[in-house]
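Taking it in order: structure first as structure tokens, then the write-up.
The values are calculated or read from the model by the stated rules, or taken from the named source; none is laboratory data. Here the structure is a predicted model, which means the values were calculated and not measured. Quick reminder, even Gly has a Cβ in these numbers, built from the backbone with ideal geometry, and neighbours come from all protein chains shown.
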Amino acid sequence: MELLVQFTGVVLIVVIGLMAMAESGLFVGLVVPGETVMLLGGALAWQGRASLLWVIVAACLGGIVGDSVSYEVGRRFGPRLISTRLGRRVGDERWRRARHYVRTRGGRAIFFGRFVGVFRALVPAVAGWARVPYGSFLLFNIAGGLIWGTGIILLGAAAGESWRLVERWVGLGGLILAAALTAVLGLAVLIACRRALSEAGAGKPSRTHANDRRSSDA
């Protein structure tokens, strides 16, 4: 962490992007404190050490790319991952939980798994292993990556010098943020659909009115 404090500008932005990618990468996210580095990166950006906007962009892109790489690794190697040296260190129970999570939640596992440390590192590979269509995976990957990257960096920026105090709550906070945004988006879509149906119904003449017009013409 002391080394990160020495970085500024483009170097800091690149490091944040790489750490976000490592945090989302298969196995690597279990041992690399990527989220902690991102919190500190947000605090440093708020201090003017780098552009806050570009730090957010780097974090989001890093997370999305990291998940995509893990997906491809899972697609290519599948169950062989468990028998690798690092796969054995992950443990059968973690693999079982990740597989069950993807099997029962589908696309939602890709989105919400982003906000849980163990699932963030394993779910993308399990999704590739399960042959989840990449188009569907990418949609949930991008949605989760944008919310996760933006949320972590802004949380670090808001915390400032107290960024370590919010480190222990970041996982729970991310889940709450994701659930809240999902609810808001769902409500917005519902309102838009109801409005469209209402307008379509209002613009379509009723059958009774059409019959009356035909009778009067006769």
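Residue by residue through the stretch 115-146, note down the ones that are in a loop (DSSP other than H, G, I, E, B) and of a type outside the set (Val, Ile, Thr).
So the first thing to find is which residues in the stretch 115-146 are in a loop (DSSP other than H, G, I, E, B), and the list is 116, 130-133.
Of everything in the stretch 115-146, those that are in a loop (DSSP other than H, G, I, E, B) and of a type outside the set (Val, Ile, Thr) turn out to be Ala130, Arg131, Pro133.
Consider only pairs whose beta carbons are under 7 Å apart and that are at least six residues apart or on different chains; among these, list those whose first residue lies in the stretch 72-97 and is on the phi > 0 side of the Ramachandran plot and whose second residue is assigned to a helix (DSSP H, G or I).
Note: pairs meeting the criteria are Gly78/Trp129.
Which of the helices (runs of 4 or more DSSP H) found entirely inside the stretch 63-114 contain at least 3 residues meeting this: surrounded by fewer than 17 Cβ atoms within 10 Å (Cβ to Cβ)?
Those helices (runs of 4 or more DSSP H) span 85-90, 92-105.
If you check every pair at least six apart or on different chains, which have Cβ atoms under 7 Å apart with a residue in the stretch 33-48 that is over 14 Å from Val11 (Cα atoms) first and a residue that is buried (at least 22 other Cβ atoms within 10 Å of the Cβ) and among the aromatic types (Phe, Trp, Tyr) second?
What qualifies is Leu39/Trp163; Leu40/Trp163; Ala43/Trp163.
Identify all residues within the stretch 83-124 that are among the aliphatic types (A, V, I, L, M) and at pLDDT below 85; write none if there are none. Quick ask: steps written out before the conclusion?
Initially, the stretch 83-124 is screened for residues among the aliphatic types (A, V, I, L, M), giving 86, 90, 98, 102, 109-110, 116, 118, 121-123.
Listed by number, the residues that qualify are Leu86, Val90, Val116, Val118, Ala121.
Here is a check on your reading of the model: is Arg49 crowded, with 17+ Cβ neighbours inside 10 Å, in contact with a helix residue (DSSP H, G or I) (Cβ under 7 Å, 6 or more places away or on another chain) and outside any helix (DSSP H, G or I)? If you could, list the steps in order and put the result at the bottom.
Numbers: crowded, with 17+ Cβ neighbours inside 10 Å: yes; in contact with a helix residue (DSSP H, G or I) (Cβ under 7 Å, 6 or more places away or on another chain): yes; outside any helix (DSSP H, G or I): yes.
It is true that Arg49 is crowded, with 17+ Cβ neighbours inside 10 Å, in contact with a helix residue (DSSP H, G or I) (Cβ under 7 Å, 6 or more places away or on another chain) and outside any helix (DSSP H, G or I).
I'd like to verify a number: residues in the stretch 59-91 that are over 27 Å from Leu40 (Cα atoms) and among the acidic types (Asp, Glu), how many?
1
In this structure, is Gly41 assigned to a loop (DSSP other than H, G, I, E, B) and modelled with pLDDT of 85 or more?
Working: assigned to a loop (DSSP other than H, G, I, E, B): no; modelled with pLDDT of 85 or more: yes.
Judged against the criteria, Gly41 is not a match.
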